[in-house]
Amino acid sequence: MKKITTVLMLTLVFAASISCSKKDDEEIINCLAEQIYMKVHNSTDATNPKLMNYSATYSGTGTLSGVKWNYGDGTTGTGETVTHTYSAAGTYEASAEITVKIDGSECTSIIKRPVTIN
């Protein structure tokens with residue numbers, strides 16, 4: 001039984017070591033590092049408490065290529081700056097899927113945040 005376990009473990013380690021090239025590993029690390037340059041902001045409109053203003057920014061060395069929003073109420077939107085009117089008061093989990101182009105690759109990260117609508 002110990003030999004079978006040892007053989008299985010060695011097989012898994014070998015498979016993991018060849019599953020990603022060095023370039024893939026570098027792209028994953030670069031993508032994770034770019035997340036610190038991605039920010040999501042939101043604010044309630046002063047005249048309409050159900051209207052939320054959202055924006056996504058990126059300050060890294062790549063280029064922001066797209067933002068997809070999920071407002072947490074079953075609706076979505078696109079763009080760096082968007083507004084959304086919620087139909088009911090409550091707490092929603094909004095998210096921004098931010099895509100950045102860097103060094104010939106695309107990196108996509110999702111930033112989530114709770115928003116409370118009165």
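The values are calculated or read from the model by the stated rules, or taken from the named source; none is laboratory data. Bear in mind that the values here come from a model prediction, so they are computed numbers and not experimental data. Cβ placement follows ideal geometry from the backbone for every residue including glycine, while neighbour counts extend to all protein chains displayed. Side chains are part of the model used for accessible areas, which takes the heavy atoms of the whole protein and leaves out ligands, DNA and RNA. Shrake-Rupley method; radii C 1.70, N 1.55, O 1.52, S 1.80 Å.
Here are the numbers for this structure:
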item	result
Percent accessible area from carbon and sulfur atoms, the stretch 27-108, protein chains only, probe 1.4 Å	49 percent
Computed over the stretch 27-79, Cα set: Rg, Dmax in Å	13.8, 44
Separation in nanometres of the label points that stand 7 Å from Cα toward Cβ, at S65 and N118	4.2 nm
Per residue convex hull volume, Cα atoms of the stretch 25-118, in Å³	87 Å³
